[in-house]
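The values are calculated or read from the model by the stated rules, or taken from the named source; none is laboratory data. Just so it is clear, the model here is predicted, and its values are computed rather than measured. Please note: Cβ atoms are built from the backbone with ideal geometry, for glycine as well, and neighbour counts cover all protein chains shown.
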Amino acid sequence: MKTIKTYFVILVMAITMPSTAQTLNKDLSARQIITQMQQHLTCTWSQETVDTFKSGNPDDVVTGVAVSMFANMETLRQAVAKNCNLIIVHEPTFYNHLDKTDWLENNPVYREKLAYIQKHKLIIFRFHDHWHRTVPDGIYVGMIDKLGWKANQTDNSMMFFKFDEQTVGGFAQKLQEKLKGSQLRIVGDLSMRFTNVALAVGAPGSQSHIKLLSGEFTELLVAGEAQEWETYQYVLDASMLGMKKAAIFTGHIPSEEAGMEYCTQWMKTFISGIPVIYLENGSAYHPVQNL
């Protein structure tokens, strides 16, 4: 009889007590989730970084996590609608790299956006430096997977690729199909035939672009964005001098957003019991043909 009672008590406890995974993830704060992310990176967390909380109370309990490139107003509204109060973004929230807001105090756009964030108690965390520094680079992993270029890699840098010989124009058409939200800008000769491509996501700067283009390997540079009076002009001059150089600019968001979609999947491998969703920003531009 004693054995039956003991068994009954154990059975009731098993039914009523939450599982280990649920216990670990119940009532997690934003700070605890970021700590888990830090623990699953391969790089050491730096104190000199833009990867910090930009709004909200890090000790608030997280109801859901939304991952995206930018915390623009549409992203914020979608996060609220999906009951996600922690938003992890790759890029700035307040229009400058360091998210400084002292110069925006009287700006109407900033004030309304901030009011919305505060009203809904949204916690925004930027995840830029360390997602690039972890090995392999999280942004490049996601982008190479989306582009389908893994088999074309020439080394472990995830920056150099070799393709069957083809024209810049033909390559751009295939790239446009894979990056449907982008509006490509092509600099150089569309009929130029090439095999070697260098990939530079985001906006590493013209010096980085020109260094890649100056190497013997790179014939075509596929990049996110650049100031038009820098890399653009370098490629134009190279092409006009008869050199085998060209560039395709995808725009910043299309060049990196698959890396944040991959971040969502990565987070799901160690966070359970809390929704983790990806919100796509898409292009900020309207094609002329749609006007």
Any hit, region 212-220, residues being at negative phi, surrounded by fewer than 14 Cβ atoms within 10 Å (Cβ to Cβ), out of contact with any helix residue (DSSP H, G or I) (no Cβ under 7 Å at 6 or more places or on another chain) and of a type in the set (S, T, N, Q): yes
Of all residues in region 238-269 being under 19 Å from the mean Cα position of the chain (by Cα) and assigned to a loop (DSSP other than H, G, I, E, B), the one that is farthest from residue 63 (Cα to Cα): 250
Hits in region 178-237 - residues which are closer than 21 Å to residue 91 by Cα, part of a strand (DSSP E or B) and either over 24 Å from the mean Cα position of the chain (by Cα) or β-branched (Val, Ile, Thr) (or both): 222
Residues located in region 112-149, provided they are surrounded by fewer than 17 Cβ atoms within 10 Å (Cβ to Cβ), farther than 18 Å from residue 80 by Cα and in contact with a helix residue (DSSP H, G or I) (Cβ under 8 Å, 6 or more places away or on another chain): 145, 146, 148
Contacts under 7 angstrom Cβ, first residue in region 62-85 being among the hydroxyl-bearing types (Ser, Thr, Tyr), partner loosely packed, with under 15 Cβ neighbours inside 10 Å, 6 or more apart: 63/83
Number of the condition not met by residue 273 [criteria: (1) modelled with pLDDT under 95; (2) of a type outside the set (Phe, Trp, Tyr); (3) in contact with a strand residue (DSSP E or B) (Cβ under 9 Å, 6 or more places away or on another chain)]: (3)
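Sort out which residues of region 249-271 are under 29 Å from residue 215 (Cβ atoms) and surrounded by fewer than 23 Cβ atoms within 10 Å (Cβ to Cβ), and write them in order of number. Spell out the reasoning first.
The initial filter retains those residues of region 249-271 that are under 29 Å from residue 215 (Cβ atoms), namely 249-260, 262.
Result: 251, 252, 262.
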Test: residue in region 161-171 that is surrounded by 15 or more Cβ atoms within 10 Å (Cβ to Cβ), under 26 Å from residue 233 (Cα atoms), of a type outside the set (Ser, Thr, Tyr) and touching a residue at least 60 places away in the same chain (Cβ under 8 Å): yes
Residue in region 188-203 that is buried (at least 18 other Cβ atoms within 10 Å of the Cβ) and touching a residue at least 60 places away in the same chain (Cβ under 8 Å) present: yes
